[in-house]
Every structure is written in C-alpha cells, then in structure tokens.
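All remarks here apply to the structure that follows.
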2 protein chains.
Amino acid sequence: MKYNPLKMPKRTILGPGPSSANQRVLNAMSLPVVGYLDSAFFDLLDEIIPMLRHVFKTKQKVAIVSGAGSAGMEAGFVNLAQKGDKVVICSYGHFCERQIMMAERLGLDVIPLRSEWGKSMDPNILQAVLEKNKDVKLVSSIHAETSTGVLQPVDELAKISHKFGAFFMTDVVTSLSGSELYFDDWGIDYAYGGSQKCLAAPPGISPVCISDHALNYIRNRKILPSSWYFDLSLIIDYWYDKQPHHTAPVNMVYALREALSLVMEEGLENRWERHKNVSAGLRAGLLELGLDLPISPDDRLDQLTVIKIPDSIDDVDLRNQLIENYSIEVGRGLGEFQGKVIRIGLMGESCNPSNVFQLLNALEKILPRLGWEVSSGNSLNEASREFNKRSINSNL
Amino acid sequence: MKYNPLKMPKRTILGPGPSSANQRVLNAMSLPVVGYLDSAFFDLLDEIIPMLRHVFKTKQKVAIVSGAGSAGMEAGFVNLAQKGDKVVICSYGHFCERQIMMAERLGLDVIPLRSEWGKSMDPNILQAVLEKNKDVKLVSSIHAETSTGVLQPVDELAKISHKFGAFFMTDVVTSLSGSELYFDDWGIDYAYGGSQKCLAAPPGISPVCISDHALNYIRNRKILPSSWYFDLSLIIDYWYDKQPHHTAPVNMVYALREALSLVMEEGLENRWERHKNVSAGLRAGLLELGLDLPISPDDRLDQLTVIKIPDSIDDVDLRNQLIENYSIEVGRGLGEFQGKVIRIGLMGESCNPSNVFQLLNALEKILPRLGWEVSSGNSLNEASREFNKRSINSNL
C-alpha cells in the first residue's frame, strides 16, 4: 500500500483562531527532533524565556503548558484553588462559560458573575461581590473574549481582586502579542495564552505566566494540585531547573521560538499597533458596505471584529460561500450570538491589508448574491484610505 | 533586532524517547495551518481513524489526547474512575510510580501492587489482590515499561481484571507499533500511546483507544470527569461527530497522519518484526563486547535494551562521551536503576542497523578509554551476522 504525502489546502484564515502561521515558523517545525533533556533543547528554553517574558511584560516566571489554550485554562484552576475554595468567574462570553464548567468539575465553589455579552464589564460589580464574599480565593476572567469581540478591563479587575486578597487570573489566548498587556504592572497572578492566534504559530501549546506570589502558594499547598500533568510548580521546575517532567512537545517549542523571534523583530508595540491599524481599515470597509458592527468602539477588539449579519441572510450560507468560493474562513457566532454574527479575525500573520481587501472583495460579491444590497462598492477604497491615513503600507 | 532562523543539531537519538522522526513526517508539520473545524481537517480525522484502529488492532473508538503521553495517562484515571474509587496500579517501574502519583492526586483510593523492577509481573498476584478487594473499579498497568525494558503480560492482567468486573487500562506509549498489541482481543478498556516513540513522529500528542464498555461508563457518569480538557467522551465527540471541543493541535495531527501512513506502508506486523530483528543485532554486538544485559530474554523489550554499566564506569561519563563525541543520545537509569544502567532505544525511525553499528562502534572506542576492557573488537561483525541470519538488510 502506498500513501501520497499529505496535502492540505491553503486557506485565508480570518476566523477566531487558529490563525495562519508564518512560513518561517512552519519551517522550524521540520527541524530534527532532539531529546527534551538534551542540552541543546535546554539552551533553547533559556533563549525562549526572556522573549516570552517580553511579550507578557513580566519579570516573573514564564513557561508553556503542553496543550491547547484550554489546557492553560484548566491549569489555572487546578493550581490556584482547591476543592471547596470560592472562585469568582467573570462571565461575558462563551469561553468564560467554559471556565465556569471547568471550575465546577474540579469541585471549586464557583460564583459566576455574569454580565451582558458584547459589553465591557463594569468593575464595580466585582467589587460588590467581593465585599459580600470576603473569602474568595481566586477571581478569573478573559482579557479578549473571542466569542464577543470585546476587550475587558482586566487591569481594574486585578486591582480589585488584590484589594480583597484574591488571586487574579486571566485568559490572554487572543490578546497575547495583539493587544496591550502588562502582566506585572496590572498585577496579574496567572495568564495563559495560545500559540495559534496573534503569535502566528500552529495550535498546540499554551504559553503561561505566573506571579511569584501565586507560585509560592502552589509550592506550599498542603494538598497537591489534583493534576500532575498541569502542576505549574513542576512545569516551572522543568523550564528553570531542567528537572524532568512530561516529555515536552519539542517541535512545537521550535515553532514558538521562531514565532517569538518574529515578534521581537517587529517590536511588540509595533505589533499591537499593526493589529489596531489593519483592523481600522477592515472596519472602514465594512461600514462602507453598510454592515453593522455592534460592539462599541470603546470596547472592541482589534484582532477580532464582530459583524451583525443582515436579518435576511443565513449565516451558514454566508460562511459557506466564503470558504467554498474564496477559501476564506471566518468564525460563526457562539452561544447567544449564534446565527446572528460572523467574526473576522485579523491575528498575527493573518493581520495584513491584503487579507482585508480579499475579504471585502468577497463580501461585495457575495452579499448581493444572497439578496442583500450593499450600500456601495467602494469598501476597498475606504479601507485603503484608512491604511493611508495610518501610514500602513497596503502591500504589507 | 534580527534573529537567525533556528538551527537544531541532528542527533542519533537512541534513548527511551522521543525518538527521531521520519523526514516525511517532519515535512508534513510545515503544511499550512487550517481551522480545526475546517471540512478539510475533518476529512483528515476520518482518514486517520481507520489507521489508528489498525495500529491498536481494534474495532472500537480511537482519538488523540492533545498532550504528552502523560496527558493520555491522566485522561485514563480522570475518566475511568472517580474520587474514592478503588484502583489497583501494577507497579514495576518509574512510570508505574507516576501513575500512582497521578491517581492519588485525583483522590482515587489507590492500591499499589508493587513487584520487582526488571522482571515481568506474576499475574497471580493481581488475582490475589482482586479476590481480597471485590469492589475495584479499575486496574492499571504499563505494557512496555521504558524504565526497566520489560514487556508485561497485559493480556493476562486484562483477563483477570475483567473476571472481577474492573476496567483495565494500560500504557502503550513505548509499545505502540513496536510490539504486538491486540486491544480488542486482549480486552483492554483504555490504552494511551505516544507519537514520539515507535510511531516516529515528534512528541506532543497521545493516541488513545477506548472500549465501548468504558465509553458507555463515561457517558453515563453521574459526576462528570473532574477534567474538562481530558474528558474522553467530549474528545470522542469531536473525532467522530465533529462537535467542537478544544482547538486541536492541527500540525501535530498532520504529523500523525504521515507517521501512520508509513506504518501502513511498512505493514504493522513487519514493523513489529523489524523492532525484533534490529534489537537482536544490537544485543549480539553488546554481548560480544562483554556487556551484561540484565533483563531476561523472556521479558525484555525489543525497542528498549537495558545495559548494566560495568562497576568501574560512571554512567554520566559514559553518556557524556556518547553525546559529545558521537552525537548519540542514550537514556539514563531511573529510580532504582539510577546510575546502574543505560537504556538504548531502537524505536520507529531510529530502529535500523546503521544506528546499531554507530552505537557499537562508539562503545568499542569509549569503554576502553574509561578504563574498561571490552572482550573483543568484533561487536559490529556479530551484529552484522545476526542481521544476516534474520535476513535484515544491513543497509536498511
């Protein structure tokens, strides 16, 4: 029996993630495997640590959890709280609800703090809950909720949590290297990211950052974290002291190194700026088409734009036309937003004017075919004007 | 700032794993990322399922756990038992002790069943324990213990477990596609493997197989598994019904497909045979050098050979010489075997006569330098004679 070498289609991935990976990152994945206790691999970990610290803006400890972003999520609850501990979970989207499910399964005493989807949360409601519950061990949140396209005020939430002596953790899967993030200055205790979004590497590992305060707690717990695989103290011991733990995903770590090199070369602040500017072009074009962008300008994410689908259009038809005729993947609505919105990711490698033009062009063609008249056929011009205004090279 | 593209040394990896990956597998890692809900990716999962079934020799369900082999290990305990359940863990090596640690952290009522390291376990002692403890929910074991180089009689252990109504799980990280394994015929309920050993892909994912009986139990548990990330019913729902769960490690799945294609092309039974024949050549050469192979011929693994280090030699010196002068990685002794043995892996891509010759040649040079006289300088000839006897092409 003979199998042809695998082929995969080249998509324009403009969904909520994974995002396209940079070719240099993909090439690094093909380097030869070395042992996870090989000195050459230890050198690589030592090279990655300061780069990871830079993207988290921290002087504290960084590492990776060997799994998806959801693995980084679970590691947070496993390590920073234990059975019966009170945990407040701020919930304003689909992935916050996942946090609640996880924490409940672990036997934590979850206080869900639900606020309106699509809006930035009012930090005062956290203050009020913590005033009523003085013994909360951990407050959890999501920085950039990909289901709603909203950036949340995690700096303020962290401050309030600390005032009441609770640990503060946040999900930065979608924000890491795409939105401003200051782990130390904001006083975050634990943040977990994903390799596959603004970092522009394939999915499979979750870069994490942990405060000394939180690590100290984990190291001194009387009851060990219920998961050996996710025990952050053991993972940190591997990264910093080269103590064996599980076999590291060697080639994914190669990809991470290459992805981080690209962030360093571009400059982290420039990369944040690129996400801001390119998405401004997208929004200008979408508005010119007459589409409704329901998230308030004050709250919205740059790397993920939510479009309300015109009532007459079926979201599945729209997404199918995009993927089948233009090989463009966009995201569907989740939870409360199901069937009502599509979500456009412009993350990392995917975040460039050419993808914006591709998408606008496709929408200009598809929407009338689905029976919805676009306001004007000048969306590409509008995007281009916005790029010029922001001195973004449209050929980027 | 400019970073040079990552370079990694090309090692001859003859340790306990990870093992070298085939170049076609590595190349597949560089294919473009697609979404984990993309129809092209679903097609890929559907292509992989029958291949994975073939290597497990099963008609039941297969999938991957998105993490190291230890993640597959933890998934077993999380799903097949719950807090307070009695679990018997057969322990005859380092990784069995890891199972015990994991299960204890999860709050399971662990009955460790320890037997001598380096020996195959007597199934009668399991029978005796189960006679005394009628309410055991799960029996766990390791098929090929990489710390001791011993193959264990999991077929018999499974049979006894079922007689007493317990689930039976086993670790096939090192055995999968390197040793005979019949998931269905042996009556295993859950087995987890690793991508990075005899399958010859990079580390990072754990192929798993689960019986309908066990899956049925998981689906009907009143208390959900404490880990959302490792919930095997949700993972199976993703693989078979394409229900979203966590973001799959897309490019690692590409690697798995390519690695499985190579197994299918070689033929699973031929691959088992190759591991047997190549390691026979290694053993012939090692014995010719006068080295002691402490594991009994009846019990020993083919893909991992344990060598007793001569008393006068320091194991660190020996391993350093191998890696520094010959770029050959071998494994150190673990636990009770620390400092006393080295472990030679011949797995998947690494399992070929040329690696055997490289290693024997290096040992012929290094051992006298460390003050130990080898019996003869004909170890390569002996290996070669063994390969000829077994009709193995030495240029493989």
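The values are calculated or read from the model by the stated rules, or taken from the named source; none is laboratory data. Bear in mind that the values here come from a model prediction, so they are computed numbers and not experimental data. Note: ideal-geometry Cβ built from the backbone for every residue, glycine included; neighbour counts use all protein chains shown.
Values for this structure:
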{"read-out": "The one condition in (1) modelled with pLDDT of 95 or more; (2) among the aromatic types (Phe, Trp, Tyr); (3) within 22 Å of B:TRP117 (Cα to Cα) that B:PHE337 fails to fulfil", "value": "(1)"}
{"read-out": "Qualifying positions in region A:85-116 - part of a helix (DSSP H, G or I), in contact with a strand residue (DSSP E or B) (Cβ under 6 Å, 6 or more places away or on another chain) and surrounded by 23 or more Cβ atoms within 10 Å (Cβ to Cβ)", "value": "A:PHE95, A:CYS96, A:GLN99, A:ALA103"}
{"read-out": "Selection within region B:249-277 - facing chain A (nearest Cβ under 7 Å) and not β-branched (Val, Ile, Thr)", "value": "B:PRO249, B:ASN251, B:MET252, B:TYR254, B:ARG257, B:GLU258, B:SER261, B:MET264, B:GLU265"}
{"read-out": "Residue in region A:38-58 that is surrounded by fewer than 23 Cβ atoms within 10 Å (Cβ to Cβ), facing chain B (nearest Cβ under 10 Å), aliphatic (A, V, I, L, M) and farther than 25 Å from B:LEU31 by Cβ present", "value": "yes"}
{"read-out": "Residue check for A:LYS119: basic (Lys, Arg), at pLDDT below 95 and in a loop (DSSP other than H, G, I, E, B)", "value": "no"}
{"read-out": "Residue in region B:287-295 that is more than 13 Å from every other protein chain (Cβ to nearest Cβ) and part of a strand (DSSP E or B) present", "value": "yes"}
{"read-out": "Among the residues listed as A:LEU301, A:LEU334, the single one being away from chain B (no Cβ under 14 Å) and either out of contact with any Lys or Arg (no Cβ under 8 Å at 6 or more places or on another chain) or closer than 30 Å to B:LEU334 by Cα (or both)", "value": "A:LEU301"}
{"read-out": "Some residue of region A:140-159 being touching a residue at least 60 places away in the same chain (Cβ under 8 Å) and either part of a helix (DSSP H, G or I) or not assigned by TED's automatic domain parsing to the domain that holds A:ASP109 (or both)", "value": "yes"}
{"read-out": "Verdict on B:ALA75 being closer than 20 Å to B:LEU199 by Cα, modelled with pLDDT of 95 or more and not in a loop (DSSP other than H, G, I, E, B)", "value": "no"}
{"read-out": "Test result for A:MET102, facing chain B (nearest Cβ under 8 Å) and at pLDDT 95 or above", "value": "yes"}
{"read-out": "Selection count, region A:307-333, where residues are assigned to a loop (DSSP other than H, G, I, E, B) and under 17 Å from A:THR146 (Cβ atoms)", "value": "1"}
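Residue by residue, here is whether (1) on the phi > 0 side of the Ramachandran plot; (2) modelled with pLDDT under 95; (3) in contact with a Pro (Cβ under 6 Å, 6 or more places away or on another chain); (4) surrounded by 24 or more Cβ atoms within 10 Å (Cβ to Cβ) holds:
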site	(1), (2), (3), (4)
B:SER177	yes, no, no, yes
B:ILE188	no, no, no, yes
B:TYR192	no, no, no, yes
B:GLN196	no, no, yes, yes
B:GLY204	yes, no, yes, yes
B:CYS209	no, no, no, yes
B:TYR217	no, no, no, no
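Yes or no, residue by residue, for (1) within 30 Å of B:VAL330 (Cβ to Cβ); (2) aromatic (Phe, Trp, Tyr); (3) in contact with a Cys (Cβ under 7 Å, 6 or more places away or on another chain):
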site: B:GLY93; (1), (2), (3): yes, no, no
site: B:MET121; (1), (2), (3): yes, no, yes
site: B:HIS162; (1), (2), (3): no, no, no
site: B:ASP171; (1), (2), (3): yes, no, no
